[in-house]
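Read the structure below first, then the notes.
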Amino acid sequence: MGYIELNVLNQPVVPKQTGALGIDLGTTHSLAAIWKDGRPQVLRVEGESALVPSVVHFPREGAPIVGRAAREQAVVAPKDTLFSIKRFMGRGLKDVQQELALLPYAASETERGLIQLEVHGKKYTPEQLSALVLKKVHETASRALGETAPTSVVITVPAYFDDTQRQATRDAARLAGLEVLRIVNEPTAASLAYGLDQRDKGNVVVYDLGGGTFDVTALTIEEGVFRVLSTAGDTHLGGDDFDAALMDLAKREIAAQHGVEVLADAGFQQALRLACERCKIELSSAPRAEIHLMLPERRIAWRRELDRAEFETLTKSLVDRTLAACAQALSDAKLTTSAIDEVVLVGGSSRIPAVRARVEQYFGRKPHTELNPDEVVALGAAVQAHILVGGKRDVLLLDVTPLSLGIETMGGAVSKIIQRNSTVPCSATEGFTTYADNQTAIDFHIVQGERELATDCRSLGRFKLRGIPPMPAGMARVGVRFHIDADGVLTVSAKEETSGATASIDVQPMHGLTDAEVEGMLASSFEHAKDDFEARRAADLVIEIGTMVQAVEKNMNAARAGLDKESLLDLEDALAKAKQATQGRDAKALQKARDEFERTSLPLAALLMNNVAQKALMGRSLGEV
Amino acid sequence: MTMDPTSLKKRLLQGSRLVHPDFHGADPAARALAEVHSARLNRAYETLADDARRADALVLLLGGPSETVAREMPREFLVEVLEWNEALEEARTSKAWSPAVAQLQNELRTRRADELAAVHTLLSNPLDSSPTQLAQARARLNAVRYLDRALNDIETLRLACGT
């Protein structure tokens with residue numbers, strides 16, 4: 001007698017979920033984790049990978065496809081299949097030329113500098129695309145949990161994401177119908193997953209080489225407080241760049257054989273990308289591997305073997321760049337490599353043997369690799385989510401803002417107001433005055449970055465301060481307060497001090513969605529949301545009833561032998577009705593059929609339980625039980 | 001002026017446990033208040049943990065001149081500054097790490113420690129500090145600021161050279 005059959009008949013009562021999800025929204029894949037039974041756990045559906053590829057495919061007709069099924073379309077329909085969406089978050093067209101050169105997408109820009117990717121003549125912002133990925137992750141989490149997953153979430157971003165990229169991530173979550181409790185930095189989240197059981201003092205470095213970004217964070221753990229000392233990184237450096245190094249090699253050699261024309265073909269590019277990625281992954285476990293490209297329709301059958309040494313030579317400069325960022329992080333933290341007690345590797349690309357070897361050599365100690373580098377960030381996000389819903393008070397995360405915040409001065413230089421690596425939340429108040437008589441407004445340009453000139457930094461927005469009472473030049477005393485909250489997101493407020501008037505601020509974000517735009521997108525998605533929801537519920541019920549039918553049919557012999565006539569008739573009747581019901585797609589009718597079927601199968605469940613108990617006790621004396 | 005970094009850190013951790021927004025998320029008003037207090041706590045820690053910023057805050061607290069009002073450095077310092085500027089300029093243009101730069105870095109670090117020690121002596125009885133002492137302390141802190149900028153440039157050069 002199988003345990004599963006009994007379980008199906010006696011639907012276990014699952015306690016109401018009040019928790020929050022931790023979501024790692026990655027460049028190449030995303031996943032969710034939740035705090036359960038006293039520890040963070042990755043949410044995976046039995047028999048499937050927990051990783052949802054961050055890929056969206058738009059078929060010519062019908063709803064977009066997200067995840068694994070979408071990725072399979074990459075070679076067949078490269079222009080309708082969007083990868084690496086995260087690289088476009090909060091970016092303008094000029095920021096992503098490097099990415100667009102590698103990806104076969106049509107891109108344009110809105111008048112406010114928002115990038116849009118175009119498929120089948122329709123334009124999508126990265127926020128909308130990420131929202132689709134987030135929805136898929138949430139749906140997968142719900143399937144794994146066997147009930148609707150919490151809609152309160154903690155989402156991770158690369159530590160080196162600037163304010164616009166963080167805002168874009170928040171907007172994506174709002175579009176997906178999720179409530180963001182916190183945006184957490186990926187390496188910091190990873191340290192939570194690793195250091196959870198470690199209450200001792202210690203300096204830790206987290207080296208996070210993901211699909212599209214590199215981050216390094218130095219932090220100190222003391223009495224359960226994880227205090228980030230510094231963070232450095234590169235939002236244009238990740239596993240994709242290792243693939244690209246292999247692609248460059250392959251393209252050179254293929255062009256020599258087949259001519260350069262083939263290189264421009266989108267299908268060829270995607271196929272080559274996947275072939276190079278496969279080769280890279282194989283090289284992490286084998287000393288030699290080959291790039292294998294079969295495209296019969298283009299008359300290409302190409303193989304190229306390479307060993308680790310050659311791969312290391314091709315990618316040396318990439319690893320050099322990560323180590324330069326490590327040196328920067330240590331310098332900012334005022335630490336030397338000898339003061340580091342632990343090094344933690346995170347991100348799929350940290351599996352590359354050369355990366356591991358060089359990190360070990362640089363820090364002079366073996367890095368931690370116990371946890372799955374693909375999962376550790378989501379696990380940490382689940383820990384932070386648990387803290388934020390009030391479940392845990394013995395651990396606290398103190399994070400920093402990765403980039404300095406400043407104001408453009410006359411002449412285009414930057415006056416820094418908040419230094420990089422300041423612990424958040426943090427605020428600073430800066431005094432300003434008027435330069436002309438009776439001037440009633442002042443313009444500000446807020447930028448983020450370390451460069452000296454405003455044009456070299458990221459523009460966060462232009463602010464106009466209005467409502468200053470007329471007075472002689474230089475008399476007004478305007479205090480502008482900048483506050484970076486615990487999410488690393490900036491707010492600005494201002495006050496004219498001589499008159500006591502609170503000046504109003506107009507914010508014109510250079511990037512990101514305005515509230516109105518988010519509302520508009522939400523409204524249009526709500527139109528379909530109810531239908532989508534009903535359809536999904538119906539589909540779930542059909543599956544559930546199907547499993548119940550199977551279980552009952554398997555045990556009909558036992559039912560005939562053990563049930564009274566009336567119950568048996570009821571059950572046979574309900575079985576037929578349940579089968580009938582699964583032909584329909586009306587959620588209400590299905591729910592009714594399911595409930596009815598469950599009720600009538602209860603006597604059978606009781607009987608089976610009894611049988612199991614008897615079998616277990618058979619041949620034993622009472623004293624043995 | 002004297003501060004035990006270990007106990008200061010302990011105070012930061014204790015304070016953070018009380019006021020960090022993570023523990024006050026449920027109620028928007030409480031969360032907003034937690035943001036304000038956390039930001040204040042973090043600023044206080046950053047000021048107190050850095051010896052130069054701590055001294056700067058103390059001079060201001062005692063009614064001494066601010067760096068925007070009193071910009072001069074100690075007289076004997078100015079001669080050295082000219083020499084250092086020359087050495088720094090040379091290092092910046094050569095864009096290479098050399099034993100000479102390493103030596104300059106050591107020299108500047110020693111001078112920084114000396115200047116702060118002098119400030120320390122000047123403010124040893126903070127409440128009895130005379131205006132002259134406060135002005136002298138400010139001048140020495142201006143020298144420290146110069147040294148910090150120079151040391152920062154050298155550090156940038158070191159990172160760029162990958163040493």
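The values are calculated or read from the model by the stated rules, or taken from the named source; none is laboratory data. What you are looking at is a predicted structure, and each value in this text was computed from that prediction instead of being measured. Please note: Cβ atoms are built from the backbone with ideal geometry, for glycine as well, and neighbour counts cover all protein chains shown.
Residue by residue, here is whether (1) assigned to a helix (DSSP H, G or I); (2) touching a helix residue (DSSP H, G or I) at 6+ places or on another chain (Cβ under 6 Å) holds:
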| residue | (1), (2) |
| --- | --- |
| A:263 | yes, yes |
| A:269 | yes, no |
| A:285 | no, no |
| A:293 | no, yes |
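Kindly evaluate residue A:211 against the criterion of being surrounded by 21 or more Cβ atoms within 10 Å (Cβ to Cβ) and either touching a Cys at 6+ places or on another chain (Cβ under 8 Å) or assigned to a loop (DSSP other than H, G, I, E, B) (or both). It is true that residue A:211 is surrounded by 21 or more Cβ atoms within 10 Å (Cβ to Cβ) and either touching a Cys at 6+ places or on another chain (Cβ under 8 Å) or assigned to a loop (DSSP other than H, G, I, E, B) (or both). In the condition set (1) more than 18 Å from residue A:250 (Cβ to Cβ); (2) crowded, with 18+ Cβ neighbours inside 10 Å; (3) touching a strand residue (DSSP E or B) at 6+ places or on another chain (Cβ under 8 Å), residue A:293 is compliant with all but (1). Restricting attention to region B:20-56 and to residues that are among the hydrophobic types (A, V, I, L, M, F, W, C) and under 13 Å from residue B:8 (Cα atoms), the residue that is nearest to the other protein chains (Cβ to nearest Cβ) turns out to be B:41. Number of residues in region A:542-574 that are outside any helix (DSSP H, G or I) and among the acidic types (Asp, Glu) equals 1. Just one of the numbered conditions (1) within 17 Å of residue A:187 (Cα to Cα); (2) touching a helix residue (DSSP H, G or I) at 6+ places or on another chain (Cβ under 9 Å); (3) assigned to a helix (DSSP H, G or I) is not true of residue A:343: (3). Of all residues in region B:132-157, those satisfying the criterion of being away from chain A (no Cβ under 13 Å) and β-branched (Val, Ile, Thr) are B:132, B:144. Note on region A:428-470: among residues that are of a type in the set (Lys, Arg) and more than 14 Å from every other protein chain (Cβ to nearest Cβ), the one that is farthest from residue A:93 (Cα to Cα) is A:466. The set of residues from region A:249-268 being surrounded by 16 or more Cβ atoms within 10 Å (Cβ to Cβ) and either among the β-branched types (Val, Ile, Thr) or in the same structural domain as residue A:105 (by TED's automatic domain parsing) (or both) comprises A:254, A:262. For beta carbons closer than 7 Å, sequence separation of 6+ or different chains, a first residue in region A:138-167 that is farther than 17 Å from residue A:128 by Cα and a second that is hydroxyl-bearing (Ser, Thr, Tyr) and part of a strand (DSSP E or B), the qualifying pairs are A:159/A:217; A:159/A:231; A:160/A:231. Condition (residue is touching a residue at least 40 places away in the same chain (Cβ under 8 Å) and acidic (Asp, Glu)) applied to region A:121-128: is it met by at least one residue? Looking through region A:121-128, at least one residue is touching a residue at least 40 places away in the same chain (Cβ under 8 Å) and acidic (Asp, Glu).
Scanning region B:94-112 turns up no residue that is surrounded by fewer than 17 Cβ atoms within 10 Å (Cβ to Cβ) and over 30 Å from residue A:363 (Cβ atoms). Residues in region A:458-486 that are under 31 Å from the mean Cα position of the chain (by Cα) and either part of a loop (DSSP other than H, G, I, E, B) or not assigned by TED's automatic domain parsing to the domain that holds residue A:426 (or both) were compared, and the one that is farthest from residue A:398 (Cα to Cα) is A:485.
Taken together, the criteria exclude residue A:253 from residues that are within 22 Å of residue A:343 (Cα to Cα), more than 14 Å from chain B (Cβ to nearest Cβ) and in a helix (DSSP H, G or I).
Residues in region B:69-76: is at least one more than 9 Å from chain A (Cβ to nearest Cβ), among the acidic types (Asp, Glu), part of a helix (DSSP H, G or I) and free of Cβ contacts under 8 Å to residues at least 12 places away in the same chain? Yes; the residues of region B:69-76 include at least one that is more than 9 Å from chain A (Cβ to nearest Cβ), among the acidic types (Asp, Glu), part of a helix (DSSP H, G or I) and free of Cβ contacts under 8 Å to residues at least 12 places away in the same chain. Out of A:436, A:441, one residue alone is surrounded by fewer than 21 Cβ atoms within 10 Å (Cβ to Cβ), in contact with a Leu (Cβ under 7 Å, 6 or more places away or on another chain), over 20 Å from residue A:416 (Cβ atoms) and free of Cβ contacts under 8 Å to residues at least 60 places away in the same chain. It is A:441.
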